[in-house]
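K.L.:
The structure that follows is given in the form of structure tokens.
The values are calculated or read from the model by the stated rules, or taken from the named source; none is laboratory data. Computed from a prediction, not measured in an experiment: that's the story for all the values here. Glycine also receives a Cβ, built like all others from the backbone with ideal geometry; neighbour counts cover every protein chain displayed.
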Amino acid sequence: MKAEDQDGGACTRRDFFQSLFKQLASTAGSLVSPAAKGLVVAARAAAPAGPPRAVVDNALCFMGQGRPCDGCVKACPVSPKAVAVSAVGLSAGVNAALCTGCGECAKICPAKAIAIAAGR
Ligand code: SF4
Ligand code: SF4
């Protein structure tokens, strides 16, 4: 939106923000508007990437597919373990606060379900 849209000419800062708030209120019906999504994507892209962390693809993890597996847990060298499995049917989960991004779990995973990615 351009500031000149108000009253066909230049407007005050107060006019500008009042108009902006009205527009935001008019889009409040949708939980996340496309414009807001765009802002979030832009903000994420602009933010510096965090340190690398293991990320589990739930669609590939054997545990999530009902096949017992704990290779990643056994391979994880940190203590307490940064990756855990709970029950067959639930994918392995990574605790980003503990994970160092060393990649040992990804190397051992028989399902190739773990990637090391920059955190956000
Ligand atoms: S090693 Fe791979 S397949 Fe096995 S539980 Fe861990 S992430 Fe899932
Ligand atoms: S990347 Fe390393 S520290 Fe993180 S979960 Fe995998 S084995 Fe553990």
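K.L.:
Does PRO68 count as near ligand 2 (Cβ under 10 Å from one of its atoms) and outside any helix (DSSP H, G or I)? Show your work before the answer.
P.N.:
On the way: near ligand 2 (Cβ under 10 Å from one of its atoms): no; outside any helix (DSSP H, G or I): yes.
So PRO68 does not fit the description; no.
K.L.:
Taking the residues in the range 96-115 that are surrounded by 18 or more Cβ atoms within 10 Å (Cβ to Cβ) and within 13 Å of ASP57 (Cα to Cα) as candidates, determine which candidate is farthest from ligand 1 (Cβ to nearest atom).
P.N.:
It comes out as ALA106.
K.L.:
Tell me, which residue of the range 28-65 that is at pLDDT 90 or above and part of a loop (DSSP other than H, G, I, E, B) is farthest from the chain's Cα centre (by Cα)? Lay out the reasoning, then the answer.
P.N.:
Filtering the range 28-65 down to residues at pLDDT 90 or above leaves 51-65.
Right, trim to part of a loop (DSSP other than H, G, I, E, B) and you get 51, 57-62.
Details: PRO51: 14, ASP57: 13, ASN58: 14, ALA59: 17, LEU60: 18, CYS61: 19, PHE62: 22 Å.
By that ranking, first place goes to PHE62.
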